[in-house]
Every structure is written in C-alpha cells, then in structure tokens.
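Structure record follows, encoded as structure tokens.
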C-alpha cells in the first residue's frame, strides 16, 4: 500500500511538473502569437502607405509629363516668334 501511495505521489508530481511546463509553453506561445499579429498589422499599414505613395507618385509623374509637354509646345512657339521678330527686324533694316 505504501508503494502505491508513493507511486501515486510520484506520478502526481510528474504530472503537475509537466502541466506547469505546458502552461508556461502555452503562455509563451500566446505572447509570441500576439507579437506576430502586431507585426503583421504594422506590415499591412506599411504596405498601404507604400501603395498610397506609389499612387501619388504615378499621379505626379503624369502631371509632370503634361507640364513638360506644354513647356515644349511653348518653347516651340517662342522659337517661331523669335524667328518672326528677327525677320521683322531684318526687314526694317535693323539687322545691319
């Protein structure tokens, strides 16, 4: 009978130790999962921010292209005006 009580006591101690270890492991893993969820949330925010920056950059590039195209047209027209003015000056005799 004493052996049975001793075995039971040892078994109970072993089970309690294993349960304690399991409990600590579960707590640690829950903390790691929470940290992982937080990191994933940050990554989603960063991805959304990068997408917004990309969209803004695309919009600005499109607008800049339009401005550059208009500037080229204005420069071409100014060149025509310059040639015209030089022609007029030459006709007036100012090109001596």
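Computed from the coordinates by the stated procedures, all read-outs in this text should not be read as laboratory data. Note that this is a predicted model, so its numbers are computed, not measured. Cβ: placed from backbone, ideal geometry, glycine included. Neighbour counts: every protein chain shown.
Assorted remarks:
- Rounded to the nearest 10 degrees, the inclination of helix 2-91 to the longest alpha-carbon principal axis of the chain is 0 degrees.
- Residue separation of residue 48 and residue 87 scaled by 0.36 nm, minus their Cα-Cα distance, works out to 8.2 nm of gained length.
- On the basis of the beta-carbon distance and an R0 of 30 Å, residue 15 and residue 40 show a calculated FRET efficiency of 0.25.
- For the chain, built as a Gaussian network whose Cα springs stay under 10 Å, the top-fluctuating residue of 53, 43, 71: 71
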